[in-house]
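Beneath this line is the structure, given in structure tokens, with notes to follow.
Where a number appears in this text, it was derived from the coordinates with a stated rule and is not lab data. For clarity, every value in this text was computed on a predicted model and none was experimentally measured. No Cβ is skipped: glycine too gets one built from the backbone with ideal geometry, and neighbour counts run over all protein chains shown.
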Amino acid sequence: MRIGVAKETAAGERRVALVPETIRRLGEGVEVIVEPSAGEEAAFPDELYRDAGATIGDPWASEVVLKVAPPTADETARLHAGQAIVAFLQPLTDPQGVARLSSAGVHGFALEAIPRITRAQPMDALSSQATVGGYKAALIAADRLPRFLPMLMTAAGTIPPAKILVLGAGVAGLQAIATARRLGAVVSAFDVRPAVREQVESLGATFLDLGVEGEETEGGYARELTPEQQAAQQQELQRRIPEFDAVITTAAIPGRPAPKLISAEAVRGMRPGSVIVDLAAETGGNCELTAPGEETIESGVTIVGITNVPSTMPTHASQLLSRNMASLLGLLVDDGELSLDWDDEIVAGACVTRKEATP
Ligand code: NAD
């Protein structure tokens with residue numbers, strides 16, 4: 001059977017769904033067809049794919065097509081009934097794209113919809129990409145700050161360490177904490193899920209108590225706060241935020257706009273030269289003043305509204321994603337054939353469109 005690797009067409013998307021090293025792991029009976037220059041922006045030229053046994057050609061007729069971003073209308077038009085596609089299909093926010101796949105009779109597997117159970121961890125692409133995002137957010141904060149992160153004792157005197165606050169301590173937030181700590185900053189963090197306090201502390205950061213406690217859903221996600229809780233959180237944060245040199249925000253509720261944590265007034269209360277890196281910019285931002293896709297300065301505070309952060313580190317982001325893809329393919333392909341076991345909760349959970357079996 002053929003597995004196709006599509007070249008990304010979305011603006012600024014530099015990742016690729018499968019890297020050469022993974023091809024060998026796909027086993028016997030699988031032919032990999034890679035669209036020309038699909039991996040080029042991630043530093044995987046066609047030659048490396050050829051060396052790994054792939055063919056460079058048209059991936060769209062393959063039994064399974066792998067992609068990072070959801071297919072455009074034109075790309076979906078190249079698919080036919082019975083094929084499968086695996087990508088970040090954005091099932092909660094792109095109903096039209098999902099509907100197009102559904103009318104084409106394509107089996108759509110959304111990486112976001114893989115249940116977050118222990119057995120699915122090797123295929124958890126949300127986590128692998130959030131790890132990249134959190135790491136990079138700490139580096140961006142360090143880069144934009146007009147000061148050192150670590151404490152320095154020099155002949156010219158002592159420099160105190162920078163203080164960084166991380167809001168939302170899920171996968172990205174925990175990685176941001178770990179990275180900022182390694183760079184020598186003093187880190188505090190907050191999350192509405194009570195279970196997170198211990199994880200924050202185990203990384204050597206302080207849990208900032210904002211007096212708001214939310215709930216965790218069965219899937220491990222946060223439940224959206226009530227308007228009263230949100231207001232209380234904003235207010236308490238406004239009081240505490242001037243202590244910090246940089247704030248990295250990662251708070252998210254699946255399928256919902258990002259919760260607004262930092263008001264415009266709170267930004268104005270920060271010292272000039274402070275930095276906010278808003279990893280939630282893609283879903284509207286955790287800061288009221290974030291401009292998605294842009295970097296702005298408000299009252300001397302730099303607000304980084306960067307989107308698609310994993311794409312800024314395309315080599316490792318693609319490598320991790322590629323391993324997630326290979327693990328998921330392990331469930332979808334059996335003995336060189338597409339074999340979909342709808343009784344498997346990962347297969348059924350990840351599937352957002354499905355070709356009905358013909359009687
Ligand atoms: P996410 O990207 O959906 O959200 C990021 C963080 O924002 C979460 O920790 C959430 O609690 C927090 N948040 C939401 N609203 C907030 C608010 N108003 N203020 C502050 N923080 C707020 O989450 P994620 O990082 O993808 O995953 C969250 C959790 O899911 C993980 O920490 C873990 O417990 C669980 N998980 C489980 C598995 C697994 O078992 N396979 C894999 C990955 C994640």
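The long axis of helix 314-332 is offset from the longest Cα principal axis of the chain by roughly 50 degrees. Karplus-based coupling profile of segment 215-222, in residue order and whole Hz: 10, 10, 7, 4, x, x, 8, 7, with θ = phi - 60° in 6.51 cos²θ - 1.76 cosθ + 1.60 and x standing for Gly or Pro. Between residue 147 and residue 226, the contour length at 0.36 nm per residue exceeds the Cα-Cα span by 24.7 nm. The Cα-based radius of gyration of segment 163-290, divided by its Kirkwood radius, gives an Rg/Rh of 0.92.
At full extension, residue 50 and residue 215 could sit 54.5 nm farther apart than now, given 0.36 nm per residue minus the alpha carbon distance.
By the count of other C-beta atoms within 10 Å, a proxy for reagent exposure, 270, 1, 325 are ordered fewest to most as 1, 270, 325.
Taking amide H as placed 1.01 Å from N in the peptide plane, residue 206 has its amide H under 5 Å from the amide H of 187, 188, 189, each at least 5 places away in sequence or on another chain.
The modelled label-to-label distance for the pair residue 117/residue 72, using points 7 Å beyond Cα in the direction of Cβ, is 3.8 nm.
With the convex hull of its Cα atoms as the shape, segment 228-359 has an orientation-averaged projected area of 12.1 nm². Among 80, 107, 316, the order by Cβ neighbours within 10 angstrom, fewest to most, reads 80, 316, 107. Amide H to amide H distances under 5 Å link residue 31 with 2, 3, where only residues 5 or more positions off or on other chains count and H is placed in the peptide plane. The 3J(HN,Hα) values that the Karplus relation (6.51, -1.76, 1.60; θ = phi - 60°) gives for segment 91-97 are, in residue order, x, 8, 10, 10, x, 5, x Hz. Gly and Pro appear as x.
Just the ratio, please: alpha-carbon radius of gyration of segment 199-258 over 2.2 N^0.38 Å, N its number of residues.
Details: Rg = 12.9 Å, N = 60, 2.2 N^0.38 = 10.4 Å.
That ratio works out to 1.24.
Here the chain yields Rg over Rh of 1.01, to two decimals, using C-alpha coordinates and the Kirkwood radius.
Quick check: residue separation of residue 235 and residue 58 times 0.36 nm, minus the Cα distance between them. What number comes out in nm?
58.3 nm
Translational diffusion coefficient of segment 70-223 at 4 °C, 1.567 mPa s, Stokes-Einstein with Kirkwood Rh over Cα pairs, in µm²/s as a whole number. So the translational diffusion coefficient is about 71 µm²/s. Starting from one equal scatterer on each C-alpha and no solvent at all, send me the Debye-based log10 I(q)/I(0) for segment 37-103 at q = 0.29 Å⁻¹, two decimals. The Debye formula, applied to the Cα set alone, gives -1.32.
Against the chain, whose longest principal axis is taken from its Cα atoms, helix 227-240 shows a tilt of about 50°. Each residue in 135, 49, 221 was given a count of other beta-carbon atoms within 10 angstrom of its own, and listing them fewest first yields 221, 135, 49. Taking the Cα atoms of segment 152-225, the ratio Rg/Rh between the radius of gyration and the Kirkwood radius comes to 1.10. Which whole-angstrom value gives the distance between the alpha carbon centres of segment 52-67 and segment 163-192? Using only Cα atoms to place each centre, the spacing works out to 39 Å.
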